[in-house]
Amino acid sequence: MSIKFTKPYFSPDARKEILIEIEEILSSGQLMLGNNTNRFETSFADYIKTSKAVTTNSCTTALQISLMHYDVRGFEVLLPGASFITNISSVKWAGGIPVLVDIDPETLSFNLDDLKRKLTAKTKGIVWVHLTGLITPAWREIIAFAREHGLFLIEDCAHAHGASVDGIKAGSLGDVGCFSFYPTKVMTTGTGGIITTNDLALEKTARELRLFGREGGVGAVVREGNDWFMDEIRACLGYHQLKELDSALLRRREIAQYYKKKLTGIPGLSFLNIPKDNVPTWYLYTVFVAPDVDYKKLTKKLEENHGIPTKPIYLPLHQENIFRDFDNGTLSNSETTLNRSLCLPIHVEMDNYQVDQVVRALWTELLSMK
């Protein structure tokens with residue numbers, strides 16, 4: 001029987017409470033920006049340890065709102081070549097100029113030398129992606145670089161709900177954090193996003209832009225906005241997902257530890273080295289396949305012979321068809337790292353027997369290819 005690559009999890013108790021509350025929402029007629037939204041925003045800000053949180057209809061929207069607040073029109077924004085397509089798109093939609101920075105294969109985040117090389121007089125800010133749910137061990141250097149040069153620092157936390165470093169949570173390290181609640185994420189509202197920040201001016205911008213540009217989010221139209229808010233039903237889902245986030249992350253971390261224990265020693269695979277004070281979410285459990293292994297053949301055999309779905313983290317941004325004009329020959333680490341990345345199934349309901357199935361399949365197919 002095939003193993004699911006990912007699966008959202010709602011406990012039986014949470015499902016019961018959610019159904020009761022959805023009935024209350026439907027009965028009330030308050031389908032937007034009501035008590036459920038307020039409860040979720042307050043609880044999420046408390047969890048991340050920021051003063052404010054503002055829900056949106058997606059993480060992409062959260063990024064775009066943040067970039068519009070910083071008015072990047074005509075300015076450059078640095079972002080990693082190893083990230084999702086909407087990191088480029090959100091910058092462009094906000095009128096900015098995306099500049100791709102190569103990554104460090106050991107951290108999946110910025111190569112600091114390339115980050116410094118690509119700073120120009122037109123650079124206004126940075127989009128910092130916590131890829132796979134890992135905060136780079138070089139986080140202090142990235143923050144210091146942004147502060148030294150007067151750059152805003154947006155954290156893309158789409159993979160990083162509950163990730164921490166030195167006890168500090170993702171979403172509170174920079175000026176603003178942008179989270180995704182897409183169905184595959186470690187917590188989900190079906191779809192949606194949220195902004196975390198201590199910046200009251202940014203909070204005001206977000207509340208206005210997410211509701212057609214209405215002043216304070218309720219008054220006269222004072223700027224061009226959109227219907228970028230999260231509805232009450234999704235806010236209800238988010239609140240209950242947040243209540244169970246730490247227990248869900250505990251299970252994901254147990255699975256990741258079990259994978260590492262069982263996979264260590266398999267020829268042709270390598271792993272990220274996670275420092276002790278760094279606690280990832282393991283949104284994706286990723287290993288890296290050696291260059292002498294036929295990657296496409298391996299993934300095909302895992303699927304066809306064992307029912308094991310896998311995927312790379314992402315295609316490098318400059319290898320996406322619509323972004324090939326960003327290929328300037330300076331993104332070799334992004335290419336090598338992403339194109340050899342192999343993400344294995346991981347979700348809360350996955351048991352150790354299924355992890356063993358994945359491990360046995362990898363052993364079998366890698367040894368058969370030698």
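State which residue is surrounded by the most Cβ atoms within 10 Å (Cβ to Cβ) when the search covers only region 81-106 and only residues that are free of Cβ contacts under 8 Å to residues at least 40 places away in the same chain and polar (S, T, N, Q).
Ser90
When region 55-71 is examined, which residues are found to be of a type in the set (Val, Ile, Thr) and more than 13 Å from Gly192 (Cβ to Cβ)? Even if it seems obvious, please write down each step before you answer.
At the first step, the residues of region 55-71 found to be of a type in the set (Val, Ile, Thr) are 55-56, 60-61, 65.
Result: Ile65, single match.
Got at least one residue in region 155-177 being more than 24 Å from Pro280 (Cα to Cα), modelled with pLDDT of 95 or more and part of a strand (DSSP E or B)?
No, region 155-177 has no match at all.
Taking Val99 as the residue in question, decide whether it is β-branched (Val, Ile, Thr), closer than 23 Å to Leu119 by Cα and part of a loop (DSSP other than H, G, I, E, B). Step through it out loud before you land on a result.
On the way: β-branched (Val, Ile, Thr): yes; closer than 23 Å to Leu119 by Cα: yes; part of a loop (DSSP other than H, G, I, E, B): no.
Answer is no for this residue.
What's the number of the only condition in (1) at pLDDT below 95; (2) hydroxyl-bearing (Ser, Thr, Tyr); (3) part of a strand (DSSP E or B) that Ser2 fails to meet?
(3)
Filter region 245-295 down to residues that are within 23 Å of Ala14 (Cβ to Cβ) and assigned to a loop (DSSP other than H, G, I, E, B), then give me how many there are.
Selection size over region 245-295: 3.
Return yes or no: is Ala248 over 23 Å from Leu112 (Cα atoms), exposed (fewer than 14 other Cβ atoms within 10 Å of the Cβ) and touching a residue at least 12 places away in the same chain (Cβ under 8 Å)?
no
Within the group Thr42, Thr50, Thr61, which residue is surrounded by fewer than 24 Cβ atoms within 10 Å (Cβ to Cβ), part of a helix (DSSP H, G or I) and not assigned by TED's automatic domain parsing to the domain that holds Met350? Write out each step before concluding.
Values: Thr50 fails: part of a helix (DSSP H, G or I); Thr61 fails: surrounded by fewer than 24 Cβ atoms within 10 Å (Cβ to Cβ).
Going through Thr42, Thr50, Thr61 in turn, the sole match is Thr42.
So is Ile88 part of a helix (DSSP H, G or I), more than 26 Å from Gln319 (Cβ to Cβ) and assigned by TED's automatic domain parsing to the domain that holds Ile135 or not? Explain how you work it out, then say what you get.
Details: part of a helix (DSSP H, G or I): yes; more than 26 Å from Gln319 (Cβ to Cβ): no; assigned by TED's automatic domain parsing to the domain that holds Ile135: yes.
No.
Could you tell me how many of the residues in region 200-216 are more than 18 Å from Cys59 (Cα to Cα) and either in contact (Cβ under 8 Å) with a residue 40 or more places away in the chain or of a type in the set (Gly, Ala, Ser) (or both)?
Quick first cut of region 200-216, residues more than 18 Å from Cys59 (Cα to Cα) only: 200-201, 213-216.
Next, from what is left, pick out any that are either in contact (Cβ under 8 Å) with a residue 40 or more places away in the chain or of a type in the set (Gly, Ala, Ser) (or both): 200-201, 213, 216.
Residues in region 200-216 being more than 18 Å from Cys59 (Cα to Cα) and either in contact (Cβ under 8 Å) with a residue 40 or more places away in the chain or of a type in the set (Gly, Ala, Ser) (or both): 4 in total.
Can you spot a residue in region 116-126 that is in a helix (DSSP H, G or I), under 20 Å from the mean Cα position of the chain (by Cα) and in contact (Cβ under 8 Å) with a residue 12 or more places away in the chain? So that I can check it myself, show each step before the final result.
First, pick out the residues of region 116-126 that are in a helix (DSSP H, G or I): 116-117.
Adding the requirement that they be under 20 Å from the mean Cα position of the chain (by Cα) leaves none.
The answer is no; no qualifying residue exists.
List the pairs whose first member sits in region 39-61 and is of a type in the set (A, V, I, L, M), whose second member is part of a strand (DSSP E or B), and whose Cβ atoms are under 6 Å apart, counting only residues at least 6 apart or on separate chains?
Ala45/Lys52; Ala45/Ala53; Ile48/Lys169; Ile48/Thr196; Ala53/Ile194; Ala53/Thr196; Val54/Ile195
A quick yes/no check of all residues on (1) farther than 22 Å from Glu106 by Cβ; (2) touching a helix residue (DSSP H, G or I) at 6+ places or on another chain (Cβ under 6 Å):
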site	(1), (2)
Pro267	no, no
Leu284	no, yes
Ala290	no, no
His306	yes, yes
Pro316	no, yes
Asn321	yes, no
Phe326	yes, yes
Thr330	no, no
Glu335	no, no
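The values are calculated or read from the model by the stated rules, or taken from the named source; none is laboratory data. In this text, all values refer to a predicted model and were calculated from it rather than measured experimentally. All Cβ positions, glycine included, derive from the backbone under ideal geometry; neighbour counts span all protein chains shown.
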